[in-house]
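The values are calculated or read from the model by the stated rules, or taken from the named source; none is laboratory data. In this text, all values refer to a predicted model and were calculated from it rather than measured experimentally. Note: ideal-geometry Cβ built from the backbone for every residue, glycine included; neighbour counts use all protein chains shown. Ligands, DNA and RNA are excluded from the accessible area calculation, which covers all protein heavy atoms including side chains. Shrake-Rupley method; radii C 1.70, N 1.55, O 1.52, S 1.80 Å.
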Amino acid sequence: GENVEQHPSTLSVQEGDSAVIKCTYSDSASNYFPWYKQELGKRPQLIIDIRSNVGEKKDQRIAVTLNKTAKHFSLHITETQPEDSAVYFCAVSKGNNDMRFGAGTRLTVKP
Amino acid sequence: DTAVSQTPKYLVTQMGNDKSIKCEQNLGHDTMYWYKQDSKKFLKIMFSYNNKELIINETVPNRFSPKSPDKAHLNLHINSLELGDSAVYFCASSHISGEQFFGPGTRLTVL
């Protein structure tokens, strides 16, 4: 089955700095790569996603890059703010019902 | 206008008891899921249903039995609860290969 590895497990940055979280996957047939944000005590919510026919996608301060050859994709958050503090999950799917999540990264943005 | 709802939000029970968690979505999605999130925040898929049919059944003890009476509902019944079942259980729904929308979660505590 699909194996998704996410790094780092914890990340602490100063407000205004950038944060980068990376995920690698094993199944080359995977074609959908979402990122979810989970605030403390809340449900995971999609923040950005990318499909395999695209190399990069950006939405304001958030961007995702995908390298299909190397089977990895990354989340980039620029100009971080305290409200960006949360657990971030990458996920991988082959376009079916089966979505596999990374282990999560706890991001702390220090004011 | 809650998209994905779960009841109850909290469930505290004794070992050996049987309990159920209900999930409903009003998004018109054809696929629904159950995830277990343990104390380390790892999100693990348990089951996936597409149009009321079981698609994914991960390595989950057969004490866990999902039931989908219709496309909008996916309930989870757990028999003979054990201490290790304590976790947050999330229901989710999606169109196939699309963004997953999560419910608010049910925090299950087994004493």
Quiz prompt | strands (runs of 3 or more DSSP E) wholly inside region A:1-76 that include at least 3 residues being open to solvent by less than 80 Å² (accessible area, probe 1.4 Å) and in contact with a His (Cβ under 9 Å, 6 or more places away or on another chain) | solution = A:19-24, A:62-67
Self-check item: Residue that is modelled with the highest pLDDT, among those in region B:86-101 that are within 14 Å of another protein chain (Cβ to nearest Cβ) and part of a loop (DSSP other than H, G, I, E, B)
Solution: B:Gln100
Quiz prompt | Of all residues making up region A:97-111, the number that are open to solvent by less than 40 Å² (accessible area, probe 1.4 Å) and either among the small types (Gly, Ala, Ser) or more than 9 Å from chain B (Cβ to nearest Cβ) (or both) | solution = 5
Quiz prompt | region B:47-85, subset within 14 Å of another protein chain (Cβ to nearest Cβ) and part of a loop (DSSP other than H, G, I, E, B), residue surrounded by the most Cβ atoms within 10 Å (Cβ to Cβ) | solution = B:Lys71
Quiz item: Of the residues that make up region A:82-90, is at least one of a type in the set (Val, Ile, Thr), open to solvent by less than 40 Å² (accessible area, probe 1.4 Å), modelled with pLDDT of 95 or more and in contact with a helix residue (DSSP H, G or I) (Cβ under 7 Å, 6 or more places away or on another chain)?
Solution: no
Quiz prompt | Filter result for A:Gly41 (within 11 Å of chain B (Cβ to nearest Cβ) and farther than 19 Å from B:Gly98 by Cβ) | solution = yes
Practice problem: Please state which one of A:Phe73, A:Phe89 is within 29 Å of B:Gly103 (Cβ to Cβ), within 14 Å of chain B (Cβ to nearest Cβ) and not β-branched (Val, Ile, Thr). | Solution: A:Phe89
Quiz item: Only one of B:Gln14, B:Gln37 is touching a residue at least 60 places away in the same chain (Cβ under 8 Å) and buried (at least 19 other Cβ atoms within 10 Å of the Cβ); which?
Solution: B:Gln37
